[in-house]
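Laboratory data are not the source of any read-out in this text; all were calculated from the coordinates shown. As the structure is a prediction and not an experimental result, all values here were calculated from the model. Here the Cβ positions follow ideal geometry from the backbone for every residue, glycine too, while neighbour counts run over all protein chains shown.
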Amino acid sequence: MEQSGKQLLLRLLLPLLSEGMRVLDIGCGTGEVLYELVQRYPIRGVGIDPYLCGRCENKLELVKLEAEKIQELPGLFDLAYTLMSLHHFEDPLTFFCQMSTKLTRYGRLIVVDWKKGIRTGVPEKYYSLGEVTEVFSKAGLTSIDYGEEVFHLYAVASLTLTRGARNQ
Ligand SMILES: C[S@@+](CC[C@H](N)C(=O)[O-])C[C@H]1O[C@@H](n2cnc3c(N)ncnc32)[C@H](O)[C@@H]1O
């Protein structure tokens with residue numbers, strides 16, 4: 001678990017949590033962060049990751065699934081986040097497009113990841129903040145908060161609501 005990214009995520013996420021919310025963790029790994037959240041707050045959690053074994057217990061469900069296939073998940077989510085995983089996704093645009101169909105009307109999506117240009121010692125490709133916010137807008141998401149820290153970028157999105165948009 002990469003602790004500074006997790007702390008950044010919690011700083012963005014905790015003020016948004018409220019009772020009864022359905023929360024989605026995309027690229028959840030072992031599900032550790034989501035597990036802590038459902039233990040401490042009155043929410044329900046769904047975590048997806050292509051490399052996990054499915055698990056379901058009180059308030060927490062872990063599903064073996066790629067980010068690019070989240071349309072297959074039933075129902076909508078009040079809050080979704082992806083922590084240190086975006087750079088692993090094969091097709092971020094498809095993921096964000098599908099994500100925009102899985103958020104409730106006032107739902108939020110939080111992205112925290114390594115930022116482009118930093119050296120982690122791993123030959124991976126990281127995105128810039130501009131690339132993330134650009135793909136948000138292509139996918140029908142509006143950036144409502146975003147920025148960079150020493151190693152990470154973060155971006156929070158809501159649905160781009162147009163007149164007469166769905167009313168959930
Ligand atoms: C660096 S780990 C981060 C795990 C967790 N979010 C954390 O912060 O501890 C990246 C995760 O992305 C997952 N991943 C890779 N490809 C993915 C995809 N297409 N969709 C969703 N998750 C994916 C990996 O299996 C891995 O668990």
Matching option when the condition is buried (at least 17 other Cβ atoms within 10 Å of the Cβ), basic (K, R) and more than 13 Å from the chain's Cα centre (by Cα), among K115, K125, K138: K115
task: Being among the aliphatic types (A, V, I, L, M) and surrounded by fewer than 18 Cβ atoms within 10 Å (Cβ to Cβ) is the filter; apply it to the stretch 65-87 and report the residue that is nearest to L37 (Cα to Cα).
output: L76
message: I'm trying to understand the selection: among the residues of the stretch 1-14, which are among the aliphatic types (A, V, I, L, M) and not in a loop (DSSP other than H, G, I, E, B)?
response: L8, L9, L10, L12, L13, L14
- request: Determine, yes or no, whether G107 is away from the ligand (no atom under 12 Å from the Cβ) and part of a strand (DSSP E or B).
  value: yes
query: When you go through (1) closer than 21 Å to A155 by Cα; (2) touching a residue at least 12 places away in the same chain (Cβ under 8 Å); (3) out of contact with any strand residue (DSSP E or B) (no Cβ under 7 Å at 6 or more places or on another chain); (4) surrounded by 12 or more Cβ atoms within 10 Å (Cβ to Cβ) one by one for E90, which number turns out not to apply?
result: (4)
- prompt: Restricting attention to the stretch 141-155, and to residues there that are in contact (Cβ under 8 Å) with a residue 40 or more places away in the chain and closer than 19 Å to C97 by Cβ, which single residue is nearest to the chain's Cα centre (by Cα)?
  reply: A155
field: G29 vs. criteria touching a residue at least 24 places away in the same chain (Cβ under 8 Å) and either buried (at least 18 other Cβ atoms within 10 Å of the Cβ) or closer than 24 Å to E2 by Cβ (or both)
entry: yes
